[in-house]
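Let me begin by presenting the structure, written as structure tokens, before commenting on it.
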Amino acid sequence: MPSKVLLSGAQLELLLHRLAWQLIENHQDFSNTVLVGLQPRGVILLEELMAIIKKEQPQGKLTFGKLDTTFFRDDFRRSTKIHTANSTEMEVQVENKKVVFIDDVLFTGRSIRAALTAINSYGRPESVELLVLVDRRFSRHLPIQPDYVGAQIDAFEGDRVRVNWEQQLQKSNVYLEEGNS
């Protein structure tokens with residue numbers, strides 16, 4: 001499959017800083033906010049954003065968790081694919097807190113629907129927001145829209161949008177793998 005770079009490392013770094021500042025503007029000191037990275041790839045994005053937020057606002061108190069939604073997906077039992085679960089690390093209650101789900105690519109919305117179900121195991125949030133690095137706009141199966149978006153990308157049905165995270169952010173990128181059209 002041919003692939004095409006959609007966002008370079010420099011563009012990605014700029015988007016991450018913009019997203020981090022949007023979170024800071026809306027959540028101030030984060031005292032009533034829980035950032036939740038969706039396993040596996042949303043956790044990498046969570047860690048990148050937290051590093052920027054801590055640098056820009058060292059007095060803030062970040063509360064976070066890592067949530068796996070594998071067994072909460074509505075297509076879990078329908079697939080012949082063997083699912084591999086990731087660890088959930090939610091050592092925080094979300095009761096009456098503002099929760100921000102963080103994921104790398106929003107595609108059909110099914111992972112987010114599963115996250116909405118899974119988060120109830122940790123309390124009833126005051127509100128839930130969604131931050132995504134990439135929004136594949138015209139591919140939604142469910143009426144789910146992000147509150148924070150790094151970039152919107154239009155791709156054909158068989159295409160895959162991938163975020164390639166490297167140790168050095170400048171070497172990271174977002175690329176499109178074209179499907180068999």
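Taken together, the values in this text are just the output of simple stated rules run on the coordinates, not laboratory data. These numbers were taken from a predicted model, which means no experiment stands behind them. Cβ sites come from the backbone with ideal geometry, for glycine too, and all protein chains shown count toward neighbours.
Of the residues Met50, Val128, Ala151, the one whose Cα sits farthest toward the positive end of the charge dipole of the chain, with +1 on the Cβ of Lys and Arg and -1 on the Cβ of Asp and Glu, is Val128.
Please give the calculated 222 nm ellipticity per residue for the chain, where each DSSP H segment of at least 4 residues contributes -39500 (n - 2.57) and the sum is spread over every residue; nearest 500 deg cm²/dmol?
Numbers: 3 runs with 44 residues, N = 181.
Here the helix-only value at 222 nm equals -8000 deg cm²/dmol.
With contacts taken as Cα pairs under 8 Å at a separation of at least 6 residues, the chain carries a relative contact order of 28 percent.
Note the listed values [x] 18.7; [y] 16.9; [z] 17.9, then indicate which one is Kirkwood radius over Cα pairs in Å calculated from this particular structure. Calculated Kirkwood radius over Cα pairs in Å: the matching label is [y].
What you get for the chain, charging only the Cβ of Lys and Arg (+1) and of Asp and Glu (-1), is a dipole of about 340 debye around the Cα centre. Packing around the peptides 92-98, 6-12, taken as the average count of other Cβ atoms within 10 Å per residue, puts them in this order, highest first: 6-12, 92-98.
Other residues lying with their Cβ under 9 Å from the Cβ of Lys98 contribute a combined charge of -1, Lys and Arg counting +1, Asp and Glu -1.
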